[in-house]
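Beneath this line is the structure, given in structure tokens, with notes to follow.
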Amino acid sequence: MSNQQAAQTPNVKALPIIASFLIAGFIGLFSETALNMALRDLIIGFGIHETTAQWLTTGYLLTLGILVPISGFILQWFTTRQLFIASLIFSIIGTFIAAIAPTFSVLMIARVVQAIGTALLLPLMFNTILVIIPPHKRGRAMGIIGLVIMFAPAVGPTVSGLILKTLTWHWIFWISLPLLLVALVFGSFFMQNITTPTKPKIDILSIILSTIGFGGIVYGFSSAGEGGGWGSTEVIIALVVGILGLIVFSIRQVKMKEPMLDLTAFKYPMFVIGLLLILVSMMVILSSMMILPLYLQTSLALSTFAAGLMLLPGGIVNGLLSPVMGGLFDRFGPKWLVIPGLIIVVATMFGFSTISLETSTALIVALHIALMIGVSMIMMPAQTNGLNELPPELYPHGTAIMNTLQQVAGAVGTAVAISILSSGSRSFMESVSDPTDPLNVVLAFTNGVQNAFIFGAIVAVVGLIISFFIKRIIVDNQEQAH
């Protein structure tokens, strides 16, 4: 197998390759959340509705949901260098179009082009780490990758808040552009081909079914979260078509000799448990990242910049701890990190469910830091342990499955949390005597926020139950022989 041979290439320089991925990945993920803070400016500037503006994030997620499942197949068709350079070129073109975008439609196209770059980059990054880093050192390497994946979205709102204080939203992209060019030049010099493309047969029907399945589910949940509501015809049709597409896609993959996405990865129990824990973490973290800024800006009436600053310490702590947790995973395995991590997450989510108008900002910052510590103890250890169980020929498929379902879990978690927030606010307003009182409006919103965090706590409890079944994957001699 080409992957196995590549892992033993003696002249592969791991450090420059990882550095290339880190620079490119940071900018890609930074711009994903940086734009969230600018939504209000975009709504006013382009004269669009909130639900239309939300498509800048939903369209990005939808593109990832469609392209990432195909990535396992793409990784076997092209070399590492080709895919890395292609992903950077898409990101650079998308960022440049966004920087000069005169209308919402042009900005929307730019976001889709950017997402194509990210969809190529993320699975390639994980697959490359699995091939070039031996299993007993993977925890630390994955921890460094985790630093970027969690830190970039965490600092995005704070940095964009700073930019928006003095400059227009276009500068979010102008500042990203030279850094992407640096990543492209750096990667062009140092990126090496670490796999030999096997060029499996292209199955057009699998690509169509995957697009309908994953695209339909992400679109359905995102539309429900944006205000379409669960009962709207659009949401129901999208979800039904998505689920049916996914069922037919799965049946086809199981029956094919050379599947586009090899579902035999699900035969490995630690991979499945690792995957479930990642999905729980993504649902909790992405719903929290959506609900918390809304609470800070609506209930506590903070500015976008102040809200971004409050969430910065947690992001920094998470970024700093990810490599540390990776090192601890290499030494002690996943159980002693994942179970305590989930206990912390459950406790903080219940803590968040009690926040009110009187809650001090210090307590919010402390809870957010605790949540980020808990998540850093779960994400990379669970992911690395799960992928370690797979044989090398399943690495591209395992990373594609994990990355795809993370996007789906993110869309599901956000949509459910937002709809719980809305219904919690509505039910509160129905119980008050004066719905026009501005104080009641804020109290109703806060009640919705509390309900949304109770949902997050329940999801975390499910994760805690699953975590008791996690076992360390001991790398056997056969793996080391590769």
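The values are calculated or read from the model by the stated rules, or taken from the named source; none is laboratory data. All of these numbers come straight from a predicted model, not from anything done at the bench. Here the Cβ is made from the backbone with ideal geometry for all residues, glycine too, and neighbour counts use every protein chain on show. Please note that ligands, DNA and RNA were not included when accessible areas were found on the heavy atoms of the full protein model with its side chains. Shrake-Rupley method; radii C 1.70, N 1.55, O 1.52, S 1.80 Å.
Just a few scattered comments:
- Any hit, the range 150-169, residues being more than 17 Å from A34 (Cβ to Cβ) and either open to solvent by less than 10 Å² (accessible area, probe 1.4 Å) or at pLDDT 85 or above (or both): no
- Selection status of N11, buried (at least 22 other Cβ atoms within 10 Å of the Cβ), more than 20 Å from T168 (Cβ to Cβ) and at pLDDT below 70: no
- Test: residue in the range 96-116 that is touching a Pro at 6+ places or on another chain (Cβ under 7 Å) and under 23 Å from M260 (Cα atoms): no
- E393 being surrounded by fewer than 17 Cβ atoms within 10 Å (Cβ to Cβ), closer than 29 Å to Y268 by Cα and acidic (D, E): yes
- Scope the range 35-49; condition touching a helix residue (DSSP H, G or I) at 6+ places or on another chain (Cβ under 7 Å), modelled with pLDDT of 75 or more and not β-branched (V, I, T); matching residues: L35, A38, D41, L42, F46
- The residues listed here are L180, L209; of these, the one that is modelled with pLDDT of 85 or more, part of a helix (DSSP H, G or I) and over 26 Å from I85 (Cβ atoms) is L209.
- Residue in the range 380-387 that is farther than 15 Å from L275 by Cα and part of a helix (DSSP H, G or I) present: no
Okay, residues lined up against (1) within 21 Å of T158 (Cα to Cα); (2) open to solvent by 20 Å² or more (accessible area, probe 1.4 Å); (3) touching a residue at least 24 places away in the same chain (Cβ under 8 Å):
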site	(1), (2), (3)
I23	yes, yes, yes
I27	yes, no, yes
F30	yes, no, yes
N36	yes, yes, yes
R40	yes, yes, yes
G59	no, no, yes
L64	no, no, yes
L67	no, yes, yes
G72	no, no, yes
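- Single unsatisfied condition, L120 versus (1) within 17 Å of F78 (Cβ to Cβ); (2) open to solvent by 10 Å² or more (accessible area, probe 1.4 Å); (3) among the hydrophobic types (A, V, I, L, M, F, W, C); (4) more than 20 Å from the chain's Cα centre (by Cα): (4)
- For the range 183-197, the count of residues that are without any contact (Cβ under 8 Å) to a residue 24 or more places away in the chain, surrounded by fewer than 17 Cβ atoms within 10 Å (Cβ to Cβ) and of a type in the set (S, T, Y) is zero.
- Checking every residue in the range 438-448 against the condition of being open to solvent by less than 20 Å² (accessible area, probe 1.4 Å), among the aromatic types (F, W, Y) and part of a helix (DSSP H, G or I) gives zero matches.
- Qualifying residue in the range 455-469 (condition: in contact (Cβ under 8 Å) with a residue 40 or more places away in the chain, outside any helix (DSSP H, G or I), surrounded by fewer than 20 Cβ atoms within 10 Å (Cβ to Cβ) and hydrophobic (A, V, I, L, M, F, W, C)): yes
- Qualifying residue in the range 252-271 (condition: open to solvent by 20 Å² or more (accessible area, probe 1.4 Å), at pLDDT 90 or above and of a type in the set (A, V, I, L, M, F, W, C)): yes
The rows are residues; the columns are (1) at pLDDT 90 or above; (2) in contact with a Ser or Thr (Cβ under 7 Å, 6 or more places away or on another chain).
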site: I378; (1), (2): yes, yes
site: T399; (1), (2): no, no
site: Q407; (1), (2): no, no
site: S433; (1), (2): no, no
site: G448; (1), (2): no, yes
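- For the range 468-475, the criterion of a residue being among the basic types (K, R) and at pLDDT 85 or above is satisfied by at least one position.
- Residue check: G225 meets all listed conditions (1) at pLDDT below 80; (2) in contact with a helix residue (DSSP H, G or I) (Cβ under 7 Å, 6 or more places away or on another chain); (3) surrounded by fewer than 16 Cβ atoms within 10 Å (Cβ to Cβ) but one, namely (3).
- Exactly one residue among L337, L321 is more than 15 Å from A154 (Cβ to Cβ), buried (at least 18 other Cβ atoms within 10 Å of the Cβ) and hydrophobic (A, V, I, L, M, F, W, C), and that residue is L337.
- Count of the range 349-390 residues, restricted to those that are under 30 Å from S210 (Cα atoms) and open to solvent by less than 30 Å² (accessible area, probe 1.4 Å), is 13.
- Evaluation of L302 against (1) surrounded by fewer than 20 Cβ atoms within 10 Å (Cβ to Cβ); (2) farther than 23 Å from L443 by Cα (one fails), failing number: (2)
- Matching residues in the range 322-348 - criterion: being modelled with pLDDT under 85 and within 25 Å of M290 (Cα to Cα): S322
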